[in-house]
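Coordinate-derived values only; no laboratory data. From a predicted model like this one, the values you see are computed outputs, not experimental measurements. We place every Cβ from the backbone using ideal geometry, glycine too, and count neighbours over all the protein chains shown.
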Amino acid sequence: MSNKRLLGFETKHQPVISRRAFLNRMGRNLGAAFLFIAVSLSAGMCGYHFLEDMAWIDSFANASMILSGMGPLAPMNTYGGKLFAGFYALYSGLAVILIAGLILAPVLHRVLHRFHVEMDKN
C-alpha cells in the first residue's frame with residue numbers, strides 16, 4: 001500500500017502529525033477559505049453594482065447577506081438583477097458548504113486519524 005498523502009492528509013499508516021504541522025495545515029485551509037470568501041463576495045458585489053446599479057456599499061451589504069445565508073436587503077428591480085440574485089443565492093449555498101469543509105476538514109481528519117492510530121496500537 002502506498003504511503004502517499006491524499007489531499008495533503010496523512011494516511012492511516014502514518015503517524016499523527018505534530019501540533020505545529022497541524023496548525024500550519026489549519027492556517028493554509030483558513031487562508032484558502034478567506035480567499036474563497038473574498039472572491040465570492042467580490043463577484044457578488046460586482047453583480048449587484050453593475051446589474052442593479054447599487055452603490056458599492058449597498059452591493060457589499062446585499063452580497064454579504066446572501067453569502068451568509070441571511071437573504072437580500074433590497075428588492076431587485078431588473079430581470080438581470082433578479083437572475084443574478086437567484087444564481088448567486090444558489091452558488092452561495094454551495095459556497096457555505098465548501099467553506100465549512102475547508103475549515104473543518106483538518107480538525108475532523110486529526111480526530112479520526114488519532115482514533116485510528118490508537119485503535120491500531122491496541
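Miscellaneous remarks
- Residues of the stretch 69-79 that turn out to be in contact (Cβ under 8 Å) with a residue 24 or more places away in the chain and under 20 Å from the mean Cα position of the chain (by Cα), as a count: 1
- Top-ranked residue of the stretch 54-68 - restricted to ones that are assigned to a helix (DSSP H, G or I), among the aliphatic types (A, V, I, L, M) and surrounded by 17 or more Cβ atoms within 10 Å (Cβ to Cβ), ranked as nearest to the chain's Cα centre (by Cα): LEU67
- Each residue in the stretch 37-72 was checked for being under 28 Å from LEU102 (Cα atoms), in contact with a helix residue (DSSP H, G or I) (Cβ under 9 Å, 6 or more places away or on another chain) and not small (Gly, Ala, Ser), and 11 pass.
- Residues of the stretch 69-89 satisfying the condition of being in a helix (DSSP H, G or I) and surrounded by 11 or more Cβ atoms within 10 Å (Cβ to Cβ): GLY80, GLY81, LYS82, LEU83, PHE84, ALA85, GLY86, PHE87, TYR88, ALA89
- Every residue from the stretch 80-103 that is free of Cβ contacts under 8 Å to residues at least 12 places away in the same chain and either under 8 Å from the mean Cα position of the chain (by Cα) or on the phi > 0 side of the Ramachandran plot (or both): ILE97, ALA100, GLY101
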